[in-house]
1. Would you pull out the residues with amide H under 5 Å of Gly18's amide H, same chain only if 5 or more places away, H placed 1.01 Å from N?
2. Please give the solvent-accessible surface of Met238 in Å², to the nearest 10, using a probe radius of 1.4 Å with every protein chain present.
3. Just add up the charged neighbours of Glu323: K/R +1, D/E -1, any other residue whose Cβ is under 13 Å from the Cβ of Glu323.
4. Considering only Cα-Cα distances, which of the following residue pairs are longer than 32 Å: Lys234/Lys267; Lys140/Lys267; Lys128/Lys267; Lys184/Lys267; Lys93/Lys307?
5. Which residues make up the longest stretch of the chain clear of trypsin sites (Lys or Arg not before Pro) that lie in a DSSP loop with no more than 11 other Cβ atoms within 10 Å, not counting the sites?
6. Let me have the 222 nm mean residue ellipticity of the chain computed from DSSP H runs of 4+ only, each contributing -39500 (n - 2.57), with the sum over all residues rounded to the nearest 500.
Amino acid sequence: MPRYFDPHLVNDPFGDPGLYVDLAFERRALIFDLGDLSRLSPRQLLRISHAFITHRHMDHFIGFDQLLRCILGRETTVGFYGPAGLIDAIEHKLKAYTWNLIAGYEGNPVLRVTEIDEKGRLASAQFKGRLAFERSDETKAISEAGVLLQEPGFEVRAATLDHGVPTLAFALEERAHINIWRNKVAAMGLEVGAWLGAFKEAIVRGSPEDTPIAVTWAGARGERPQSLPLGALKNEIMRVTSGRKIAYVVDCAFTDANVARAVALAKDADILFIEAAFLQADSARAGERQHLTAHQAGTIARRANVKRLVTLHYSPRYQGHGEQLAQEAEAAFRNG
Ligand SMILES: [Zn+2]
(Lines give C-alpha, C1' and ligand atoms only; values in the text may rest on other atoms or scores of the structure.)
Protein backbone atom coordinates (compact mmCIF):
# COMPACT_ATOMS: atom_id res chain seq x y z
CA MET A 1 0.00 0.00 0.00
CA PRO A 2 1.49 3.39 -0.91
CA ARG A 3 1.99 5.63 2.06
CA TYR A 4 -0.22 8.65 1.70
CA PHE A 5 1.56 10.68 4.32
CA ASP A 6 5.11 10.73 5.53
CA PRO A 7 5.57 12.36 8.97
CA HIS A 8 8.90 13.42 10.45
CA LEU A 9 9.99 15.67 13.29
CA VAL A 10 11.49 18.97 12.17
CA ASN A 11 14.13 19.02 14.92
CA ASP A 12 15.85 16.56 17.23
CA PRO A 13 13.92 15.88 20.46
CA PHE A 14 15.74 18.67 22.33
CA GLY A 15 14.88 21.22 19.62
CA ASP A 16 11.63 23.13 19.20
CA PRO A 17 8.62 20.91 18.57
CA GLY A 18 7.32 20.54 15.04
CA LEU A 19 6.00 17.67 12.96
CA TYR A 20 6.22 17.96 9.18
CA VAL A 21 3.85 15.69 7.26
CA ASP A 22 4.55 15.40 3.58
CA LEU A 23 1.51 14.45 1.47
CA ALA A 24 3.58 12.66 -1.10
CA PHE A 25 0.98 12.42 -3.87
CA GLU A 26 -0.25 15.98 -3.56
CA ARG A 27 3.05 17.85 -3.63
CA ARG A 28 2.21 19.60 -0.40
CA ALA A 29 2.64 19.20 3.32
CA LEU A 30 1.00 19.82 6.69
CA ILE A 31 2.88 20.99 9.75
CA PHE A 32 2.02 20.62 13.42
CA ASP A 33 3.54 23.42 15.51
CA LEU A 34 5.68 26.22 14.18
CA GLY A 35 8.78 26.09 16.36
CA ASP A 36 12.20 26.84 14.87
CA LEU A 37 11.83 25.84 11.19
CA SER A 38 15.37 26.67 10.05
CA ARG A 39 16.05 23.01 9.30
CA LEU A 40 13.34 22.98 6.63
CA SER A 41 14.41 24.00 3.13
CA PRO A 42 12.52 26.74 1.27
CA ARG A 43 11.10 23.98 -0.93
CA GLN A 44 9.74 22.19 2.13
CA LEU A 45 8.33 25.43 3.58
CA LEU A 46 6.61 26.26 0.30
CA ARG A 47 4.86 22.89 0.31
CA ILE A 48 3.03 23.70 3.54
CA SER A 49 -0.69 24.14 2.85
CA HIS A 50 -1.92 23.99 6.46
CA ALA A 51 -0.21 24.70 9.79
CA PHE A 52 -1.66 23.52 13.11
CA ILE A 53 -0.48 25.33 16.22
CA THR A 54 -0.96 23.73 19.65
CA HIS A 55 -0.56 26.98 21.64
CA ARG A 56 1.41 30.18 21.44
CA HIS A 57 4.34 29.60 23.76
CA MET A 58 7.28 30.89 21.77
CA ASP A 59 8.91 27.54 21.03
CA HIS A 60 5.72 26.48 19.19
CA PHE A 61 5.08 29.66 17.24
CA ILE A 62 8.34 31.45 16.45
CA GLY A 63 8.57 29.68 13.09
CA PHE A 64 5.51 31.57 11.85
CA ASP A 65 7.85 34.36 10.75
CA GLN A 66 10.10 31.95 8.85
CA LEU A 67 7.11 30.54 7.00
CA LEU A 68 5.72 34.00 6.26
CA ARG A 69 9.12 35.18 4.97
CA CYS A 70 9.19 32.24 2.59
CA ILE A 71 5.71 32.73 1.08
CA LEU A 72 5.99 36.48 0.51
CA GLY A 73 5.64 37.26 -3.18
CA ARG A 74 4.11 33.82 -3.83
CA GLU A 75 0.65 33.08 -5.14
CA THR A 76 -0.40 30.75 -2.36
CA THR A 77 -2.92 30.24 0.44
CA VAL A 78 -1.88 28.79 3.75
CA GLY A 79 -4.38 27.74 6.43
CA PHE A 80 -3.44 28.27 10.07
CA TYR A 81 -5.30 26.54 12.91
CA GLY A 82 -4.92 26.99 16.64
CA PRO A 83 -6.61 27.75 19.94
CA ALA A 84 -8.76 30.84 20.60
CA GLY A 85 -6.76 34.03 20.23
CA LEU A 86 -4.81 32.87 17.16
CA ILE A 87 -6.46 35.37 14.81
CA ASP A 88 -5.51 38.30 17.05
CA ALA A 89 -2.01 36.90 17.51
CA ILE A 90 -1.40 36.57 13.77
CA GLU A 91 -2.88 40.00 13.17
CA HIS A 92 -0.41 41.43 15.69
CA LYS A 93 2.51 39.56 14.15
CA LEU A 94 1.59 40.90 10.72
CA LYS A 95 1.18 44.43 12.07
CA ALA A 96 4.71 44.35 13.44
CA TYR A 97 6.09 44.66 9.90
CA THR A 98 5.90 47.40 7.28
CA TRP A 99 4.09 46.44 4.07
CA ASN A 100 4.22 49.62 1.96
CA LEU A 101 5.91 47.84 -0.97
CA ILE A 102 4.00 44.57 -0.94
CA ALA A 103 1.38 45.67 -3.48
CA GLY A 104 4.15 45.59 -6.10
CA TYR A 105 5.06 41.94 -5.39
CA GLU A 106 4.08 39.43 -8.00
CA GLY A 107 2.20 36.83 -6.00
CA ASN A 108 -0.49 37.37 -3.42
CA PRO A 109 -0.03 35.16 -0.35
CA VAL A 110 -3.23 34.65 1.61
CA LEU A 111 -3.35 33.54 5.24
CA ARG A 112 -6.60 31.89 6.26
CA VAL A 113 -6.64 31.63 10.06
CA THR A 114 -9.09 29.47 12.04
CA GLU A 115 -9.27 29.21 15.80
CA ILE A 116 -11.24 26.79 17.94
CA ASP A 117 -12.27 27.35 21.55
CA GLU A 118 -12.95 24.84 24.30
CA LYS A 119 -16.62 24.60 23.29
CA GLY A 120 -15.77 23.75 19.67
CA ARG A 121 -16.69 27.19 18.36
CA LEU A 122 -14.72 28.10 15.25
CA ALA A 123 -13.82 31.59 14.09
CA SER A 124 -11.94 32.37 10.87
CA ALA A 125 -10.40 35.43 9.28
CA GLN A 126 -8.31 36.11 6.24
CA PHE A 127 -5.21 38.24 5.65
CA LYS A 128 -4.31 39.00 2.02
CA GLY A 129 -0.82 40.15 1.09
CA ARG A 130 -2.23 42.29 -1.68
CA LEU A 131 -4.18 44.27 0.95
CA ALA A 132 -1.16 44.69 3.22
CA PHE A 133 -2.47 41.79 5.33
CA GLU A 134 -5.50 43.65 6.55
CA ARG A 135 -7.87 41.40 8.49
CA SER A 136 -11.06 40.51 6.56
CA ASP A 137 -13.78 37.97 5.76
CA GLU A 138 -14.52 36.89 9.29
CA THR A 139 -16.81 33.88 9.72
CA LYS A 140 -18.04 31.75 12.60
CA ALA A 141 -19.07 28.09 12.76
CA ILE A 142 -19.32 25.15 15.14
CA SER A 143 -16.95 22.20 14.86
CA GLU A 144 -18.41 18.72 14.93
CA ALA A 145 -16.36 16.42 17.17
CA GLY A 146 -13.37 18.75 17.01
CA VAL A 147 -13.00 18.49 13.23
CA LEU A 148 -10.88 21.36 11.91
CA LEU A 149 -10.23 20.33 8.35
CA GLN A 150 -11.93 17.82 6.07
CA GLU A 151 -10.56 16.97 2.68
CA PRO A 152 -11.31 14.10 0.31
CA GLY A 153 -8.20 12.22 1.45
CA PHE A 154 -7.99 12.98 5.15
CA GLU A 155 -9.29 14.93 8.12
CA VAL A 156 -7.68 16.71 11.06
CA ARG A 157 -9.34 16.85 14.48
CA ALA A 158 -8.34 18.71 17.61
CA ALA A 159 -8.90 18.18 21.33
CA THR A 160 -8.36 20.94 23.86
CA LEU A 161 -5.99 20.09 26.72
CA ASP A 162 -4.88 22.10 29.73
CA HIS A 163 -1.32 23.38 30.04
CA GLY A 164 -2.09 26.38 32.24
CA VAL A 165 -3.49 27.73 28.98
CA PRO A 166 -5.70 25.81 26.55
CA THR A 167 -3.50 23.83 24.17
CA LEU A 168 -4.61 21.71 21.22
CA ALA A 169 -3.69 18.13 20.47
CA PHE A 170 -4.23 16.94 16.90
CA ALA A 171 -5.11 13.75 15.04
CA LEU A 172 -4.61 13.36 11.30
CA GLU A 173 -6.60 10.54 9.80
CA GLU A 174 -6.54 9.24 6.27
CA ARG A 175 -9.93 8.14 4.98
CA ALA A 176 -10.59 4.50 4.25
CA HIS A 177 -10.52 3.72 0.53
CA ILE A 178 -12.82 1.42 -1.35
CA ASN A 179 -10.73 -0.18 -4.05
CA ILE A 180 -12.40 -1.93 -6.97
CA TRP A 181 -10.55 -4.79 -8.66
CA ARG A 182 -11.16 -4.01 -12.31
CA ASN A 183 -9.79 -7.34 -13.47
CA LYS A 184 -12.23 -9.16 -11.18
CA VAL A 185 -15.12 -7.08 -12.51
CA ALA A 186 -14.10 -8.21 -16.00
CA ALA A 187 -13.65 -11.80 -14.87
CA MET A 188 -17.28 -11.84 -13.67
CA GLY A 189 -18.36 -10.78 -17.16
CA LEU A 190 -19.34 -7.31 -15.93
CA GLU A 191 -18.52 -3.97 -17.45
CA VAL A 192 -16.62 -1.25 -15.59
CA GLY A 193 -19.14 1.58 -15.61
CA ALA A 194 -21.40 4.00 -13.76
CA TRP A 195 -23.07 1.20 -11.76
CA LEU A 196 -19.87 0.97 -9.66
CA GLY A 197 -20.64 4.44 -8.26
CA ALA A 198 -24.00 3.21 -6.93
CA PHE A 199 -22.25 0.11 -5.58
CA LYS A 200 -19.74 2.25 -3.64
CA GLU A 201 -22.51 4.50 -2.34
CA ALA A 202 -24.40 1.49 -1.01
CA ILE A 203 -21.27 0.40 0.87
CA VAL A 204 -20.71 3.86 2.34
CA ARG A 205 -24.38 3.99 3.41
CA GLY A 206 -23.97 0.64 5.14
CA SER A 207 -26.80 -0.97 3.13
CA PRO A 208 -27.71 -4.61 3.94
CA GLU A 209 -25.81 -7.37 2.17
CA ASP A 210 -28.86 -8.49 0.16
CA THR A 211 -29.46 -5.02 -1.35
CA PRO A 212 -29.81 -5.52 -5.12
CA ILE A 213 -27.25 -3.55 -7.15
CA ALA A 214 -28.10 -2.97 -10.80
CA VAL A 215 -25.14 -4.11 -12.88
CA THR A 216 -24.05 -3.78 -16.50
CA TRP A 217 -22.91 -6.96 -18.21
CA ALA A 218 -20.22 -6.91 -20.85
CA GLY A 219 -21.96 -8.05 -24.01
CA ALA A 220 -25.55 -9.25 -24.14
CA ARG A 221 -27.26 -9.82 -20.79
CA GLY A 222 -29.08 -12.89 -22.05
CA GLU A 223 -30.28 -14.97 -19.11
CA ARG A 224 -28.13 -13.11 -16.64
CA PRO A 225 -29.78 -11.14 -13.77
CA GLN A 226 -30.26 -7.39 -13.95
CA SER A 227 -28.89 -6.97 -10.45
CA LEU A 228 -26.63 -8.80 -8.01
CA PRO A 229 -26.68 -8.72 -4.21
CA LEU A 230 -24.38 -6.17 -2.60
CA GLY A 231 -22.69 -8.75 -0.36
CA ALA A 232 -21.75 -11.04 -3.26
CA LEU A 233 -20.25 -8.13 -5.19
CA LYS A 234 -18.31 -6.96 -2.12
CA ASN A 235 -16.75 -10.39 -1.73
CA GLU A 236 -15.75 -10.59 -5.36
CA ILE A 237 -14.59 -7.19 -6.54
CA MET A 238 -13.84 -4.93 -3.58
CA ARG A 239 -11.13 -4.41 -1.00
CA VAL A 240 -11.20 -1.75 1.72
CA THR A 241 -7.88 -0.19 2.66
CA SER A 242 -8.12 1.33 6.11
CA GLY A 243 -6.60 4.79 6.48
CA ARG A 244 -3.54 5.54 8.59
CA LYS A 245 -3.77 7.77 11.63
CA ILE A 246 -1.20 9.81 13.49
CA ALA A 247 -1.65 11.93 16.61
CA TYR A 248 0.39 14.80 18.02
CA VAL A 249 0.23 15.63 21.74
CA VAL A 250 2.56 18.13 23.39
CA ASP A 251 2.56 20.46 26.39
CA CYS A 252 -0.09 19.26 28.78
CA ALA A 253 -0.31 18.40 32.45
CA PHE A 254 -0.92 14.77 33.46
CA THR A 255 -4.46 15.33 34.75
CA ASP A 256 -7.34 12.88 34.45
CA ALA A 257 -9.18 15.17 32.04
CA ASN A 258 -6.12 15.65 29.82
CA VAL A 259 -5.33 11.94 29.77
CA ALA A 260 -8.91 11.02 28.86
CA ARG A 261 -8.99 13.51 26.00
CA ALA A 262 -5.54 12.64 24.68
CA VAL A 263 -6.34 8.91 24.80
CA ALA A 264 -9.64 9.40 22.97
CA LEU A 265 -8.00 11.54 20.29
CA ALA A 266 -5.03 9.21 19.72
CA LYS A 267 -7.08 5.96 19.94
CA ASP A 268 -5.56 3.20 17.77
CA ALA A 269 -3.22 5.62 15.96
CA ASP A 270 -0.41 4.17 13.87
CA ILE A 271 2.01 6.65 15.42
CA LEU A 272 1.63 8.89 18.45
CA PHE A 273 4.07 11.82 18.59
CA ILE A 274 4.09 12.95 22.20
CA GLU A 275 6.16 15.12 24.47
CA ALA A 276 8.33 13.45 27.12
CA ALA A 277 9.71 16.57 28.76
CA PHE A 278 10.92 15.12 32.08
CA LEU A 279 11.96 11.86 33.69
CA GLN A 280 9.44 10.39 36.11
CA ALA A 281 11.96 11.04 38.91
CA ASP A 282 11.33 14.74 38.24
CA SER A 283 7.55 14.40 38.07
CA ALA A 284 7.04 17.17 40.64
CA ARG A 285 8.86 19.55 38.33
CA ALA A 286 6.84 18.27 35.35
CA GLY A 287 3.64 18.93 37.30
CA GLU A 288 4.71 22.50 38.12
CA ARG A 289 5.54 23.17 34.47
CA GLN A 290 2.36 21.40 33.28
CA HIS A 291 4.33 19.05 31.05
CA LEU A 292 4.34 15.25 30.75
CA THR A 293 7.05 12.94 32.01
CA ALA A 294 8.31 10.20 29.71
CA HIS A 295 6.53 7.58 31.84
CA GLN A 296 3.27 9.52 31.55
CA ALA A 297 3.71 9.84 27.79
CA GLY A 298 4.19 6.06 27.53
CA THR A 299 1.12 5.52 29.72
CA ILE A 300 -1.04 7.64 27.40
CA ALA A 301 0.32 5.75 24.37
CA ARG A 302 -0.50 2.44 26.06
CA ARG A 303 -4.03 3.45 27.00
CA ALA A 304 -4.64 4.78 23.50
CA ASN A 305 -3.52 1.44 22.08
CA VAL A 306 -1.28 3.09 19.49
CA LYS A 307 1.04 1.01 17.36
CA ARG A 308 4.14 3.15 17.75
CA LEU A 309 5.35 5.91 20.04
CA VAL A 310 7.73 8.74 19.12
CA THR A 311 8.77 11.10 21.92
CA LEU A 312 9.87 14.72 21.54
CA HIS A 313 10.23 18.03 23.35
CA TYR A 314 12.84 16.91 25.92
CA SER A 315 13.86 19.38 28.62
CA PRO A 316 17.41 20.71 28.06
CA ARG A 317 18.35 19.44 31.55
CA TYR A 318 18.68 15.94 30.03
CA GLN A 319 20.99 17.03 27.19
CA GLY A 320 23.31 14.11 26.49
CA HIS A 321 20.91 11.61 28.15
CA GLY A 322 17.97 11.78 25.76
CA GLU A 323 17.89 8.00 25.44
CA GLN A 324 16.79 7.77 29.10
CA LEU A 325 13.62 9.67 28.25
CA ALA A 326 12.97 7.56 25.17
CA GLN A 327 13.56 4.32 27.13
CA GLU A 328 11.40 5.35 30.06
CA ALA A 329 8.51 6.20 27.70
CA GLU A 330 8.93 2.98 25.74
CA ALA A 331 8.99 0.88 28.95
CA ALA A 332 5.73 2.43 30.17
CA PHE A 333 4.25 1.93 26.69
CA ARG A 334 5.21 -1.76 26.45
CA ASN A 335 4.94 -2.89 30.08
CA GLY A 336 2.75 -0.36 31.88
ZN1 LIG B 1 4.08 25.33 26.30
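1. Those lying under 5 Å, H to H, from Gly18 are Val10, Asn11.
2. Answer for Met238: close to 30 Å² accessible.
3. Overall, the nearby charge balance is -3.
4. Violating the 32 Å limit, Cα to Cα: Lys128/Lys267; Lys184/Lys267; Lys93/Lys307.
5. It works out to 120-336.
6. Per the formula, -7500 deg cm²/dmol.
The values are calculated or read from the model by the stated rules, or taken from the named source; none is laboratory data. Since we're looking at a predicted model, the values are computed, not measured. Please note: Cβ atoms are built from the backbone with ideal geometry, for glycine as well, and neighbour counts cover all protein chains shown. For the accessible areas, the whole protein counts, side chains as well, though only heavy atoms, and no ligand, DNA or RNA atoms are used. Shrake-Rupley method; radii C 1.70, N 1.55, O 1.52, S 1.80 Å.
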